[in-house]
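Student: Supplied in structure tokens, the structure appears directly below.
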Amino acid sequence: MHLENKVALITGGTSGIGEATAILFAQEGARIVITGRSEERGQAVIAQITKNGGQAMFIRTDVRKAADCQRSVDETVRTFGQIDILFNNAGVFYPHTTVGCTEEEWDLQMEINLKGTFLMSKFALPGMIARGCGVIINNSSGWGLVGGDSGVAYCASKGGVVLLTKAMAIDHGPQGIRVNCLCPGDVNTPMLPEDARLRGQKWEDYIAACANRPMRRIGTVEEIAEAALFLASDESSFMTGANLVVDGGGVAD
């Protein structure tokens, strides 16, 4: 039980990586709070956790809004007493070049992927600082480290998450708080079929291109959740300001 008696707040926890991480963290002993914008999907994840004996709660949250982020932190602390782990996982992706990217899509990706990470951390950090401990995991991307095609706003936002992580690690390491960055590659989440659709590609062609990396496949949400568990647990107790790449060798290729 790597997370026994811990409280984990996971944004974007209603599907994909966030859902898998919430389920795994609960199995490892954590009390779970997930946020998202779909009440139906959120309650489905909570039901899955609680039927297996876990403690969990869903809070409807738009991470672009400071008031929502503050409320999610306050409700978590009010219910479970503290926040030990914050996993800033909420994110969106729209495939466009600089010319094709609309101002609206640019703003949306910046606000959810980057500003949301900042806001959730801003409101969770004071409690961690007061207690002298805590873990923050920011979900970036392999494309936060290298460029990608037709992903100008996504790459910019995820690159910002990487450097935000490093700056936070420097500021809050002396206060006993570790801040690390998870950089997944292509993972089997609902985001991939939607990306294929928006690019006008057949699924078989799209998935073949995604698997064009040393390990010759895309990742599973469970594999990313295991990496998040490593960063959340004491197994990574001397790590902060790091980028943990989990991408089947895509960045190395």
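Student: What share of Cα pairs, in percent, lie more than 13 angstrom apart in segment 195-253? Could the numbers behind the result be given before it?
Tutor: On the way: 1185 of 1711 pairs.
Pairs farther apart than 13 Å: 69 percent.
Student: In addition: If I stretch the segment between residue 66 and residue 222 completely, what's the gain in nm (0.36 nm per residue apart, minus their alpha carbon distance), one decimal?
Tutor: Working: separation 156, 0.36 × 156 = 56.16 nm, distance 3.02 nm.
The span from residue 66 to residue 222 would gain 53.1 nm if fully extended.
Student: Relative contact order for segment 205-253: what percent, with Cα pairs under 8 Å and sequence separation of 6 or more?
Tutor: On the way: 25 pairs, mean separation 25.5, N = 49.
With pairs under 8 Å counted, the relative contact order is 52 percent.
Student: Using all C-alpha to C-alpha distances in segment 151-205, build P(r) with 10 Å bins and read off the rounded percent in each one.
Tutor: 19, 35, 25, 15, 6
Student: A further question on this structure: Charges at C-beta only: +1 for Lys and Arg, -1 for Asp and Glu. How large is the resulting dipole of segment 18-151 about its Cα centre, in Debye rounded to 20?
Tutor: Working: 12 positive and 15 negative charges, 115 e Å.
Around 560 debye, computed over segment 18-151.
Student: Using only the alpha carbons of segment 21-130, what is the convex hull's orientation-averaged projected area in square nanometres? Could you put the intermediate results ahead of the total?
Tutor: On the way: hull surface 31.0 nm².
Directional mean of the projected Cα hull area for segment 21-130 stands at 7.8 nm².
Student: Would you be so kind as to identify all helices of the chain, as entire DSSP H runs, whose Cα atoms reach 27 Å or more along the helix's own axis and whose mean Kyte-Doolittle hydropathy is at least -1.0?
Tutor: On the way: long enough: 152-172 (30 Å, 0.87).
What comes out of the filter, once short or polar helices are dropped, is 152-172.
Student: Rounded to whole Å, give me the distance from the Cα center of segment 31-101 to that of segment 127-175.
Tutor: 17
Student: Neighbour counts of other C-beta atoms within 10 Å: give me 107, 186 arranged from fewest to most.
Tutor: On the way: 107 13, 186 24.
Least crowded to most crowded, the residues run 107, 186.
Student: For n ≥ 4 DSSP H runs only, could you compute -39500 (n - 2.57) per run for the chain, divide by its residues and tell me the 222 nm figure to the nearest 500? Display every interim value, and only then the final one.
Tutor: On the way: 9 runs with 112 residues, N = 253.
Result for the chain, helices only: -14000 deg cm²/dmol.
Student: Follow-up. How big is segment 98-253 by the Kirkwood estimate over distinct Cα pairs, in Å?
Tutor: Values: mean 1/r = 0.0603 Å⁻¹.
For segment 98-253, inverting the mean 1/r across all distinct Cα pairs yields 16.6 Å.
Student: Given Cβ point charges of +1 (Lys, Arg) and -1 (Asp, Glu) and nothing else, what value in debye, to the nearest 20, does the dipole of the chain about its Cα centre take?
Tutor: Values: 22 positive and 29 negative charges, 85 e Å.
About 400 debye.
Student: Continuing with the same structure: Taking the beta-carbon count within 10 Å as an exposure proxy, list 50, 240, 14 from fewest neighbours to most.
Tutor: Details: 50 14, 240 20, 14 25.
In order of increasing Cβ crowding within 10 Å: 50, 240, 14.
Taken together, the values in this text are just the output of simple stated rules run on the coordinates, not laboratory data. Please read all numbers here as calculations on a predicted model, not as lab measurements. Ideal geometry is used to build each Cβ from the backbone, glycine not excepted, and the neighbour counts take in all protein chains shown.
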